[in-house]
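Colleague: My structure is below; once you've seen it, I'll send some questions.
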Amino acid sequence: MPTFRDLLREAKAEIRETDPAGAEAMLAEGAVLLDVREPDEFEQGAVPGSVHIPRGNLEPNVENRLTDKDAAVVVMCAGGVRSAFAAQTLQEMGYGDVVSMDGGFNRWKDEGRDWALPVTLTPDQRNRYHRHLLLPEVGAEGQLKLLEAKVLCLGAGGLGSPAALYLAAAGVGTVGIVDMDVVDASNLQRQILHNVDRVGERKVDSAKKTLNALNPDVNVVTYDVRLGADNIVDIIKDYDVIVDGADNFPVRYMLNDASVKLGIPVVHGSIFRFEGQITVFDPRSGPTYRDMIPEPPPAEMAPSCAEAGVLGVLPGIVGSIQALEAIKLILGHGDTLVGRLLAFDASEMSFREYKLRPDPDQPITWENRDKIQVVELDGLCAPAPMG
């Protein structure tokens, strides 16, 4: 019966090892550092940029975290024992360029190499976001990205309500809300941030109460203002993603130009009667709102939901998809709707997808961002069909 030492000797005979200096050189050339220590060890100090998967969770999680099996991987534990077994396992799973770091983190630290105390989740946060932590595509690293992210919701109405609720529930650290309206009884058929006790209250104040009650982790920043050319850049400039729940075309064009100028992705949504549309405009990598709709439509061609109506549950579906796309952008996971327009018909319960492409003659682009002037288009068209 082999002993532990026998197994360790066998593992080290099958793998390659390097010292911290060699590991540091590999990292400088693009290798991934995989830290297989336990969470309590990791919290006491880690190498910046390392991927943390405890040794006991390696097999079920590593393929989702390290997707390129041909990439160079340096495996590190505290002293070089667990990393040897982990390197052996990775080789058996098909990883072709794996090295175990002899001496581990302790030697790395003793030799004066770069390390830091990582930002970690509190016990309460681990409990709250436990279902996220179970997802290899999210995990603690992804949850920390969410907690550090800032998302701005334009509107606390039909689309902004479900989007803001799910962003807050997911643990997005800062949620901004822009709205200058008050809660009306006619809103409550679809705007689920509000309730009958808040009729007459400012929408941003009502939204903040609801979101803070849902998740005290979230910093809710309110803007009870009319968006204009004089303030839109200052309002959106510190946010990572914008969820567009605006209710008029002039604001959408102004938002497009400001977001292109700053390089901020916009998750666009629109609703009308039984139909909804969602896409993502990322000026750095895909088409923009002006590529989809180059010119504002005539007023008679753009009736509002107040004129044509909207099924109450429809914005819940569209706004939830907007929140999902924003979360994917923050996590850097999956295929977003950049370059794709998703159309939903609630009557047919059908989804259709359309390709969107940049207009080569469009002057308002990321490449021309320094020349963009954000101006207002008031009076050109009636409110957009948003609800």
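The values are calculated or read from the model by the stated rules, or taken from the named source; none is laboratory data. Values in this document were obtained by computation on a predicted structure and should not be read as measured data. Note that we place each Cβ from the backbone using ideal geometry, even for glycine, and neighbour counts take in every protein chain shown. These accessible areas exclude ligands, DNA and RNA; they are computed on the full protein's heavy atoms, side chains included. Shrake-Rupley method; radii C 1.70, N 1.55, O 1.52, S 1.80 Å.
Colleague: Is it the case that A11 is under 25 Å from G142 (Cβ atoms) and in contact with a helix residue (DSSP H, G or I) (Cβ under 6 Å, 6 or more places away or on another chain)?
Modeller: Taking the combined requirement at face value, the residue does not satisfy it.
Colleague: Looking at the structure I just gave you, is D205 open to solvent by 10 Å² or more (accessible area, probe 1.4 Å), in a helix (DSSP H, G or I) and touching a strand residue (DSSP E or B) at 6+ places or on another chain (Cβ under 9 Å)?
Modeller: Yes: the conditions hold for D205.
Colleague: Any residue at all in the range 300-319 that's part of a strand (DSSP E or B), at pLDDT below 95 and β-branched (V, I, T)?
Modeller: yes
Colleague: A follow-up question, please. Just to be sure, is A213 more than 25 Å from T365 (Cα to Cα) and either in a loop (DSSP other than H, G, I, E, B) or aliphatic (A, V, I, L, M) (or both)?
Modeller: It is true that A213 is more than 25 Å from T365 (Cα to Cα) and either in a loop (DSSP other than H, G, I, E, B) or aliphatic (A, V, I, L, M) (or both).
Yes or no, residue by residue, for (1) of a type in the set (S, T, N, Q); (2) open to solvent by 10 Å² or more (accessible area, probe 1.4 Å):
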position	(1), (2)
P20	no, no
F42	no, yes
G56	no, yes
P60	no, yes
T67	yes, yes
M93	no, yes
V99	no, no
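Colleague: OK, next. Being crowded, with 22+ Cβ neighbours inside 10 Å, of a type in the set (D, E) and either within 30 Å of A140 (Cβ to Cβ) or over 19 Å from the mean Cα position of the chain (by Cα) (or both): is that true of D244 here?
Modeller: When the stated conditions are applied, D244 does not pass them.
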